[in-house]
Amino acid sequence: MNTSDTSTNQHSDAVEKLLRKAPPRPAPPAEVERDVRAAVRAEWQTVSNRSRRWRTGRNVAIAATIFLAVLVALTSLRQVHVPAVEVAQLEQSFGTLRLHGGDTGDAADEDMSIFLVGQVLQTGNNSAAGLTWHGGGSLRVDAQTRIEFVATNEVLLHSGRVYFDSNGAESWSDFAVRTRHGVVSHVGTQFMTATGADQLVVSVREGEVRIGEATFAQTVYDGQRAEFVGDRRPLITNTSGIDAEWAWVESVAPKISVDGMSAHDFLQWVGRETGYEVEYANAAVDQLARGTELYGAVNKDPRTELRLRMSTMDLDAQFDTEGARILVSD
């Protein structure tokens, strides 16, 4: 190999190293990127062969110019060919919400209806949002929370608190909440994740979750609360699922249609949303609930809706906090 070929190859390698420094972005079609890169190398070889006696500084300048040109071209191509990926829809909310990132810029709550991969949702004081996760499941975001939608099955919780209910959908068994302290993934469950500068708290109402990529891996089961602080082993305590920390979840419960639904099924929905078990006074009350048909839609929180519905039928329902039961009688 002669000196010219060696020099050309060295310069080509230098350009390749520069190209690899380009920040990772969604890629354009492979054949388009291949053609662009080939054109850049060809141009570099032409310049190199024409002016081998130029000083190294000028070669570096040329390399930088070509690198910038190809970076602009590839970035433009990547932006054009990246489809928006929807991950959730806004079910209901109150207070101030801000949406950042993606192609939307910043948007107030009245402007947002869907959420895309790459966007960040920020809730204000005395705020909360209930989202329908694509394909099923309910994701709820508490006040003063910053959450980023990073994939179709994962969110990044920067700060604050979220709640996820898979509604028994097996397709979302791989859903995960990533935090700076570890990754919280679940197996068909209802769980809440809260994180701060030096703390991660995971509470499970139903099912189980696994915390990985943390100093101490941990599985948390229904009725348990795991608190991670710094590098210490997690503190495991009990949670009834109806403690004060769960109260906000009900305020953004999903709206449902009850047309044709039995009072029994409606009571089961209320129980799931509040964390209470439904208990009938006797078999006759059970049968009455199963035979009573409801109409309309749920527009209020579960407890308020239950009180309003019970006032229109021959049933009564009371919350027993000590027993975590909804006692239904006639």
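Kindly evaluate residue 145 against the criterion of being closer than 16 Å to residue 115 by Cα, out of contact with any helix residue (DSSP H, G or I) (no Cβ under 7 Å at 6 or more places or on another chain) and not charged (D, E, K, R). So residue 145 fits the description; yes. State whether the residues of the stretch 117-138 include one that is modelled with pLDDT of 95 or more, of a type in the set (S, T, N, Q), crowded, with 21+ Cβ neighbours inside 10 Å and in a strand (DSSP E or B). The answer is yes, given that some residue of the stretch 117-138 is modelled with pLDDT of 95 or more, of a type in the set (S, T, N, Q), crowded, with 21+ Cβ neighbours inside 10 Å and in a strand (DSSP E or B). Out of the stretch 122-140, which residues are free of Cβ contacts under 8 Å to residues at least 60 places away in the same chain and of a type outside the set (S, T, N, Q)? Hits for the stretch 122-140 are 124, 131, 133, 134, 135, 136, 137, 139.
Here's the yes/no breakdown for (1) surrounded by 15 or more Cβ atoms within 10 Å (Cβ to Cβ); (2) farther than 24 Å from residue 295 by Cβ; (3) in the same structural domain as residue 292 (by TED's automatic domain parsing):
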{"residue": "223", "(1), (2), (3)": "no, yes, no"}
{"residue": "230", "(1), (2), (3)": "no, yes, no"}
{"residue": "234", "(1), (2), (3)": "yes, yes, no"}
{"residue": "241", "(1), (2), (3)": "yes, yes, no"}
{"residue": "259", "(1), (2), (3)": "no, no, yes"}
{"residue": "267", "(1), (2), (3)": "yes, no, yes"}
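Considering only the stretch 212-271, how many residues are among the charged types (D, E, K, R) and closer than 22 Å to residue 162 by Cα? Adding up the residues that qualify gives 8. Among the residues of the stretch 204-218, some residue qualifies, meaning at least one is of a type in the set (D, E, K, R), part of a strand (DSSP E or B) and under 29 Å from residue 297 (Cα atoms). Tallying residues that are of a type outside the set (Phe, Trp, Tyr) and part of a strand (DSSP E or B) within the stretch 248-291 yields 5. Which ones in the stretch 168-197 are at pLDDT 90 or above and in a loop (DSSP other than H, G, I, E, B)? Hits for the stretch 168-197 are 180, 181, 196.
The values are calculated or read from the model by the stated rules, or taken from the named source; none is laboratory data. Remember, predicted model here, so these are calculated numbers, not experimental data. With ideal geometry, Cβ positions are generated from the backbone for all residues, glycine too; neighbour counts draw on all protein chains shown.
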